[in-house]
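Here's the structure, in structure tokens; my notes come after.
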Protein chains: 2
Amino acid sequence: MSFKKTHDTNSHNHNHCIETALATAETLCVEQGQRLTKVRRRALELIWESHRPLGAYQLLAKLAEEGFNSAPPTVYRALDFLLNAGLIHKVESMNAYLGCAHADKVHQGYFLICDDCHNVMEFDYQDIHSALIAKAETQGFELRSKTIELTGLCADCKALPEGVRP
Amino acid sequence: MSFKKTHDTNSHNHNHCIETALATAETLCVEQGQRLTKVRRRALELIWESHRPLGAYQLLAKLAEEGFNSAPPTVYRALDFLLNAGLIHKVESMNAYLGCAHADKVHQGYFLICDDCHNVMEFDYQDIHSALIAKAETQGFELRSKTIELTGLCADCKALPEGVRP
DNA sequence: TTAAAAGTGTTATATCATAACAAAACTCTA
DNA sequence: TAGAGTTTTGTTATGATATAACACTTTTAA
């Protein structure tokens, strides 16, 4: 079982994360014969550069600033590609997109989402994964994917007085 | 641990479900000093009458047919009320709303969603609930709510040949 | 009975996402 | 390397989901 704060800006060098994620993405795409085109690559970088899940139109605005086409299909195509390639996750309860920290291995996207600062931690929890599969099977249900999003108050925000939270 | 198919039209009298749900809703609202007004009550009934999670605009159309105001705020206000009262759940991955089968007791909304027929089963799973709370606590995260949505193929659809699935 | 609170009506707009078809870029092989 | 086939991108339009803001009405409770 592993746990990591996906977008912690304090305790590590976020640039390193971005570089690693992009390098992993390159490798995976090559392995799978997929093309990580300019706009897809830049979209992935921008998602990683954001410290929080990024909305499609936020991403579109950033891409537009850099001279990419600014119509919605551009960004949704890039997002579809990245989602299918397993390079990002969609946080359903926020309609926003987040770099996947474990793109190189089979895993589940489980999230802890802070209501106050909107930071998100991705985690893996094999026991729960297995339990849910077993549970579904008892109903004859063939599980394909899971959306596990837990919201509440993160440790950092809990430590701050109410008034000054982000 | 309990399991029930929320909207099974074959194996039980759905009218009975609706009646029970409405009676429970009345009781809960009275207990909590909440007002189950005409539009809120009818919205809840319509959500229950649907055999699948119902979109906000689908609900709005049904309400409009019956002479209720047909502007979006009408339906979103009713939905907000019902969500806050714990009488319905929102299925985030579908942007749709579903009658809650356990409104009268504290519980979690865990869902099995069929990709083919779009029927949804709500279930309760205390062990996973506890495990997730414990997991969040190890991170200093104070859990407030959970979105647990599992998608795949339900037993009924698995039994049908590919071509004829709903 | 009347002031405050809660609920509803109404208009406008914000936000999220896709359809459809044309044009360009890439890739693969003869 | 020409060119057919495939993939990707550009472009316009529209569909789908959700909320802001303010006026008006109904209900509640002193």
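Just so it is clear, none of the values below were taken in a lab; they were calculated from the coordinates. These numbers were taken from a predicted model, which means no experiment stands behind them. As a convention, Cβ positions derive from the backbone with ideal geometry for all residues, glycine included, and neighbour counts pool all protein chains shown.
State whether the residues of segment A:139-153 include one that is away from chain B (no Cβ under 14 Å) and either farther than 24 Å from B:Arg144 by Cα or surrounded by fewer than 22 Cβ atoms within 10 Å (Cβ to Cβ) (or both). Break it down stepwise before answering.
Applying the first criterion (away from chain B (no Cβ under 14 Å)) to segment A:139-153 yields none.
Within segment A:139-153, none of the residues are away from chain B (no Cβ under 14 Å) and either farther than 24 Å from B:Arg144 by Cα or surrounded by fewer than 22 Cβ atoms within 10 Å (Cβ to Cβ) (or both).
For a quick check of your reading: which strands (runs of 3 or more DSSP E) sit entirely within segment A:85-143 and have at least 3 residues that are within 16 Å of DNA strand C (Cβ to nearest atom) and touching a helix residue (DSSP H, G or I) at 6+ places or on another chain (Cβ under 9 Å)?
A:88-91, A:96-99
If we scan segment B:113-124, do we find a residue that is over 22 Å from the mean Cα position of the chain (by Cα) and either more than 7 Å from every other protein chain (Cβ to nearest Cβ) or among the hydroxyl-bearing types (Ser, Thr, Tyr) (or both)?
The answer is no, given that none of the residues of segment B:113-124 is over 22 Å from the mean Cα position of the chain (by Cα) and either more than 7 Å from every other protein chain (Cβ to nearest Cβ) or among the hydroxyl-bearing types (Ser, Thr, Tyr) (or both).
Please pick out the residue among B:Ala136, B:Ala155, B:Ala159 that is more than 20 Å from B:Ile18 (Cα to Cα) and touching a Phe, Trp or Tyr at 6+ places or on another chain (Cβ under 7 Å).
The conditions single out B:Ala155.
Please specify each residue of segment A:58-69 satisfying the condition of being surrounded by fewer than 14 Cβ atoms within 10 Å (Cβ to Cβ) and either of a type in the set (Phe, Trp, Tyr) or near DNA strand D (Cβ under 10 Å from one of its atoms) (or both).
Listed by number, the residues that qualify are A:Gly67, A:Asn69.
Residues of segment B:46-66 being acidic (Asp, Glu) and not in a loop (DSSP other than H, G, I, E, B), which ones?
Within segment B:46-66, the subset acidic (Asp, Glu) is B:49, B:65-66.
Result: B:Glu49, B:Glu65.
Restricting attention to segment A:43-54, does a residue exist that is without any contact (Cβ under 8 Å) to a residue 40 or more places away in the chain, of a type outside the set (S, T, N, Q) and within 10 Å of DNA strand D (Cβ to nearest atom)?
yes
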